[in-house]
Amino acid sequence: MQQSSWGKIETYGIDKVYGGEGAPAHEEYMDKLQDPRWHAFTDLVKSRRVTCQKCDDSMHLQVHHVRYLPGLEPWEYPLSEVLLLCVDCHESIHQITPTQVVLKSAKFKNAPLPAPANAISRRASIPLNLVALMEAVNQVVSVEGTVDEIRSSSNGNTYISMGGKYPQAILTIVIFSNCISHFGNLGKLLSKKIRVNGPIHDYRGSFQLVAKTASQLETIYSD
């Protein structure tokens, strides 16, 4: 790992900076990881590092902060303060037990690599399962499933879970606060079967679909 030039500076663990797992401040931190500036930062890191810096894997790469520095946004760190890791190595560092959402690279080592972020293409309806979603990353698809949970963060973003509740959901529909007014009463979707359309993204080892308009969500009625 590249030697940091920051010297001895006061640092905190994530529990000290943002309040720990489940705390409102932690939810605020997770919202920051939806910010376009964070996505741009991760794209920059991936363009420089290419593979996991611990095992050299090239699947499901994530940016890991070596240490948390008070006063900095997640995307404001110098590259010497972050690592590019695969899901397995990232979880190992944080001592996180993998959930069913995380795809293990060994299990899917022969699967095709996701398309580049700027290579979004259209395809037909796909089933709500991990393999199908992995193969559809960065493609615009149609997915049907039951809404198992609807939750909102402190800054107004809404998360709709399909195929299980957070953090075991197979797919999460993300509606940012600046778009929420387009959707009306989302509570009526709970426990209903819906069809959702849009591009699939691999976000930190789980699958998300960002909905910006109400036309992307359709309730499926059955007799």
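The values are calculated or read from the model by the stated rules, or taken from the named source; none is laboratory data. Nothing here was measured: the structure is a model prediction, and the numbers come from that model. Don't worry about glycine lacking a Cβ; one is built from the backbone with ideal geometry, like all the others, and counts go over all protein chains shown.
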Exercise. For Ala25, state whether it is modelled with pLDDT under 80, closer than 28 Å to Ile173 by Cβ and assigned to a helix (DSSP H, G or I).
Key: yes
Quiz item: So Met134 clears everything in (1) in a helix (DSSP H, G or I); (2) surrounded by fewer than 18 Cβ atoms within 10 Å (Cβ to Cβ); (3) at pLDDT below 90 except one condition, right? Which one?
Solution: (2)
Quiz item: Looking only at the range 163-188, which residues are closer than 12 Å to Ile150 by Cα and among the polar types (S, T, N, Q)?
Solution: Thr172, Asn185
Exercise. Would you be able to say whether some residue in the range 119-129 is modelled with pLDDT of 80 or more, under 24 Å from Glu218 (Cβ atoms), outside any loop (DSSP other than H, G, I, E, B) and charged (D, E, K, R)?
Key: no
Practice problem: Could you please find all residues in the range 56-73 being part of a loop (DSSP other than H, G, I, E, B), of a type in the set (A, V, I, L, M) and in contact (Cβ under 8 Å) with a residue 24 or more places away in the chain? | Solution: Met59, Val66, Leu69
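At pLDDT 85 or above and touching a Lys or Arg at 6+ places or on another chain (Cβ under 6 Å): is that true of Thr146 in this structure?
In short, yes.
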Exercise. Given the conditions (1) in contact with a Phe, Trp or Tyr (Cβ under 6 Å, 6 or more places away or on another chain); (2) touching a residue at least 60 places away in the same chain (Cβ under 8 Å); (3) closer than 13 Å to Leu128 by Cβ, report the number of the one that Phe207 does not fulfil.
Key: (1)
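Which is more than 19 Å from the chain's Cα centre (by Cα), at pLDDT 85 or above and surrounded by fewer than 16 Cβ atoms within 10 Å (Cβ to Cβ), of Leu72, Leu79?
Leu79
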Quiz item: What number of residues within the range 168-190 are assigned to a loop (DSSP other than H, G, I, E, B) and either within 21 Å of the chain's Cα centre (by Cα) or of a type outside the set (A, V, I, L, M) (or both)?
Solution: 10
Quiz item: Restricting attention to the range 137-161, and to residues there that are more than 12 Å from Ser177 (Cα to Cα) and small (Gly, Ala, Ser), which single residue is surrounded by the fewest Cβ atoms within 10 Å (Cβ to Cβ)?
Solution: Ser142
